[in-house]
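> Below is the structure I would like to discuss, written out as structure tokens.
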Amino acid sequence: MSSSSSQNFVSRSVIKKVFAKLQKEGDGAVVRRGISRSEQKLLDPFLMLDEFSVSPPAGFPDHPHRGFETVTYVLEGGITHQDFKGHKGTIYAGDVQWMTAGRGIIHSEMPEEEINKGLQLWINLSSNEKMIEPNYQELSSSDIPKAEQNGVQVKVIAGESMGIQSPVYTRTSTMFLDFTLDPGAQFHQNVPESWNAFAYVLESGESGAVFGSSNASPVSAHNVVVFGQGNDGVSVWNKSSSKKLRFVLIAGEPLGEPVVQYGPFVMNTQAEIDMTIEDYHYGKNGFEMAKYWRSQ
């Protein structure tokens with residue numbers, strides 16, 4: 001819904017802001033971690049959000065996952081991924097890879113160009129889906145539905161906005177929208193009342209992004225903005241007179257299940273984590289190929 005139909009729209013308020021600080025990750029890569037364990041309770045089903053920047057020879061060499069999904073959205077450059085199921089490909093700026101790790105995957109994610117930037121989101125899976133077979137959905141930039149109105153552009157990676165819907169199937173109900181607002185533009189996005197929601201600011205002008213109410217204090221780039229539950233959705237204003245505002249809005253239906261995380265493994269109990277470590281170590285229950293496979 002746009003600003004033109006906003007008379008009765010009640011926006012969620014901002015309950016927390018988190019500046020995503022730089023940290024090292026993988027093999028020589030640098031990430032800004034916007035969501036970490038302290039935000040997990042507020043943002044169930046989301047486990048992590050990284051804004052990554054990586055140049056060769058750095059990268060994310062062979063590593064395992066179990067129990068959740070990773071969504072990789074490339075903003076600049078390209079990332080080549082391969083896994084022990086024989087899946088290999090490169091996603092470039094504007095492309096998305098939605099990977100369901102399920103019962104187990106080992107993969108590598110390595111940079112393709114001199115400068116490679118993007119976002120990686122980890123989405124939890126419910127207990128009855130943690131041990132499903134791994135799966136990939138890949139969308140090239142041209143496959144992602146886009147819409148524009150009143151100085152607001154949106155790319156609908158998952159969910160719905162401005163009456164258009166993404167083709168992505170989300171096992172854990174999820175909305176993932178990439179917004180660009182022209183100077184002076186505003187927008188009101190519906191979000192289901194029971195879902196948790198946050199925004200991550202990619203670029204903002206001197207006045208920053210304003211969320212929740214038009215007189216709220218502005219938020220600069222590299223900040224996560226956590227919204228309270230309830231109400232109709234999220235309101236945003238670009239108060240900059242000269243610069244565009246770009247942010248992603250991400251929301252999802254909470255699973256309400258216990259989360260036990262050990263690095264790249266996310267299960268419901270410590271016993272399941274212990275079993276996962278054993279499965280990985282001995283190459284069983286989904287990790288059979290772990291003994292033999294190495295990325296090229």
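> Restricting to the stretch 189-212, count the residues that are open to solvent by 30 Å² or more (accessible area, probe 1.4 Å) and aromatic (Phe, Trp, Tyr).
Within the stretch 189-212, residues that are open to solvent by 30 Å² or more (accessible area, probe 1.4 Å) and aromatic (Phe, Trp, Tyr) number 1.
> I'd like to know if the stretch 135-147 contains one or more residues that are at pLDDT 95 or above, open to solvent by less than 40 Å² (accessible area, probe 1.4 Å), out of contact with any Pro (no Cβ under 9 Å at 6 or more places or on another chain) and over 15 Å from LEU75 (Cβ atoms).
Among the residues of the stretch 135-147, at least one is at pLDDT 95 or above, open to solvent by less than 40 Å² (accessible area, probe 1.4 Å), out of contact with any Pro (no Cβ under 9 Å at 6 or more places or on another chain) and over 15 Å from LEU75 (Cβ atoms), which makes the answer yes.
> Going residue by residue through the stretch 158-168, is there one that turns out to be crowded, with 22+ Cβ neighbours inside 10 Å, in contact with a Pro (Cβ under 8 Å, 6 or more places away or on another chain) and of a type in the set (Ser, Thr, Tyr)?
Looking through the stretch 158-168, at least one residue is crowded, with 22+ Cβ neighbours inside 10 Å, in contact with a Pro (Cβ under 8 Å, 6 or more places away or on another chain) and of a type in the set (Ser, Thr, Tyr).
> Take GLN120 and decide whether it is over 19 Å from the mean Cα position of the chain (by Cα) and in contact (Cβ under 8 Å) with a residue 60 or more places away in the chain.
no
> Go through the stretch 273-291 and give me each residue that's without any contact (Cβ under 8 Å) to a residue 24 or more places away in the chain and either open to solvent by 40 Å² or more (accessible area, probe 1.4 Å) or out of contact with any helix residue (DSSP H, G or I) (no Cβ under 6 Å at 6 or more places or on another chain) (or both).
ILE273, ASP274, MET275, ILE277, GLU278, HIS281, TYR282, LYS284, GLU288, LYS291 - these are the residues of the stretch 273-291 that are without any contact (Cβ under 8 Å) to a residue 24 or more places away in the chain and either open to solvent by 40 Å² or more (accessible area, probe 1.4 Å) or out of contact with any helix residue (DSSP H, G or I) (no Cβ under 6 Å at 6 or more places or on another chain) (or both).
> Please list, ordered by first then second residue, the pairs with beta carbon atoms under 9 Å, 6 or more apart or interchain, first in the stretch 254-268 and touching a residue at least 60 places away in the same chain (Cβ under 8 Å), second of a type in the set (Val, Ile, Thr) and open to solvent by less than 30 Å² (accessible area, probe 1.4 Å).
LEU255/THR172; VAL259/VAL266; GLN261/ILE273; PHE265/ILE273; PHE265/THR276; VAL266/ILE273; MET267/ILE273; MET267/THR276
> Ok, one more. If I go through the stretch 171-188 residue by residue, how many of them are buried (at least 22 other Cβ atoms within 10 Å of the Cβ) and of a type outside the set (A, V, I, L, M)?
Total meeting the criteria: 5.
Yes/no per residue for (1) β-branched (Val, Ile, Thr); (2) touching a strand residue (DSSP E or B) at 6+ places or on another chain (Cβ under 7 Å); (3) within 30 Å of ASN150 (Cα to Cα):
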| position | (1), (2), (3) |
| --- | --- |
| ARG12 | no, yes, yes |
| LYS17 | no, yes, yes |
| ILE35 | yes, yes, no |
| LYS41 | no, no, no |
| MET48 | no, yes, no |
| ALA58 | no, yes, no |
| PRO61 | no, yes, no |
| PHE68 | no, yes, no |
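> Does the stretch 227-247 hold any residues that are buried (at least 22 other Cβ atoms within 10 Å of the Cβ) and not small (Gly, Ala, Ser), and which are they?
Passing the criteria: PHE227, VAL234, VAL236, TRP237, ASN238, LEU245, PHE247.
> Shifting gears a bit: Among the listed residues PRO264, PRO254, which satisfies the condition of being of a type outside the set (Asp, Glu), open to solvent by 40 Å² or more (accessible area, probe 1.4 Å) and under 16 Å from the mean Cα position of the chain (by Cα)?
Working: PRO264 fails: open to solvent by 40 Å² or more (accessible area, probe 1.4 Å).
Criteria check complete, one pass: PRO254.
> Hey, another quick one. Just checking, how many residues over the stretch 245-266 are outside any loop (DSSP other than H, G, I, E, B), closer than 12 Å to LEU43 by Cα and out of contact with any Phe, Trp or Tyr (no Cβ under 7 Å at 6 or more places or on another chain)?
Of the residues in that region, 0 qualify.
The values are calculated or read from the model by the stated rules, or taken from the named source; none is laboratory data. Just so you know, these numbers come straight off a predicted model, no measurement behind them. Cβ atoms come from the backbone with ideal geometry, glycine included; neighbour counts cover every protein chain shown. Ligands, DNA and RNA are stripped out before the accessible areas are found, and what is left, the full protein with its side chains, is counted by its heavy atoms. Shrake-Rupley method; radii C 1.70, N 1.55, O 1.52, S 1.80 Å.
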